[in-house]
Amino acid sequence: MEQNELQLGKNAEAPTSPDAAVLDRVPNPHVDSDYLVRFTCPEFTSICPVTGQPDFAHLVIDFVADRWLVESKSLKLYLASFRNHGAFHEDCTVAIGKRLVDLLEPRFFRIGGYWYPRGGIPIDVFWQHGSVPNNLWLPDQGVAPYRGRG
């Protein structure tokens, strides 16, 4: 994708659904190095497909780029497109991971979906593609396990 075709620096409408969202990628300027890229979305929302009520999650996306990086504005718009999208926690988390892997073709990818309790049960969903490269610092995702009133 050419730089002038990106959503970055332009007025971009909020996508009506994840399928309608456009994800932009840009060339990795350090294709010769393994390094971790982390995106954190502490206020992710979607809709329960059964009740229509909102679901909330803290998403952490880690990847080691090969040729491509995801452009952050397009990622923000894509993640926001789930606000009116009805899907279960597992579907949202894994679908985001698969879409990004298809776009980026990374050396390594993982997503952690830390969902807030619904009906008294928190559901955490983790998905990974590829193996962690040797000599890569892979920090903990930094989200504490749910403890309730503990």
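Taken together, the values in this text are just the output of simple stated rules run on the coordinates, not laboratory data. Note that the coordinates shown come from a computational prediction; the quantities given were computed from them, not determined experimentally. Glycine gets a Cβ as well: all are built from the backbone with ideal geometry, and neighbour counts include every protein chain shown.
Is one or more of the residues making up the range 61-69 within 28 Å of I121 (Cα to Cα) and of a type outside the set (A, V, I, L, M)? Yes: one or more hits.
Could you list all residues from the range 48-78 that are touching a helix residue (DSSP H, G or I) at 6+ places or on another chain (Cβ under 8 Å) and among the acidic types (D, E)? Across the range 48-78, the qualifying residues are D55, D66. Residues in the range 105-136 that are within 27 Å of D34 (Cβ to Cβ), in a loop (DSSP other than H, G, I, E, B) and not basic (K, R): E105, P106, G130, S131, V132, P133, N134, N135, L136. Scanning the range 81-99 for residues that are part of a helix (DSSP H, G or I), surrounded by fewer than 22 Cβ atoms within 10 Å (Cβ to Cβ) and either of a type outside the set (G, A, S) or over 14 Å from the mean Cα position of the chain (by Cα) (or both) yields R83, N84, H89, E90, D91, V94, K98, R99. The lone criterion from (1) over 22 Å from A21 (Cα atoms); (2) crowded, with 17+ Cβ neighbours inside 10 Å; (3) not aliphatic (A, V, I, L, M) left unmet by R118 is number (2). Number of residues in the range 100-109 that are surrounded by 21 or more Cβ atoms within 10 Å (Cβ to Cβ) and among the basic types (K, R): the value is 0. Note on the range 95-129: residues that are under 23 Å from V26 (Cα atoms) and not charged (D, E, K, R) amount to 13. Scanning the range 54-71 for residues that are over 15 Å from L36 (Cα atoms) and surrounded by fewer than 16 Cβ atoms within 10 Å (Cβ to Cβ) returns P54, F56. Here K76 clears all of (1) more than 24 Å from R107 (Cβ to Cβ); (2) among the charged types (D, E, K, R); (3) free of Cβ contacts under 8 Å to residues at least 40 places away in the same chain except the condition numbered (1).
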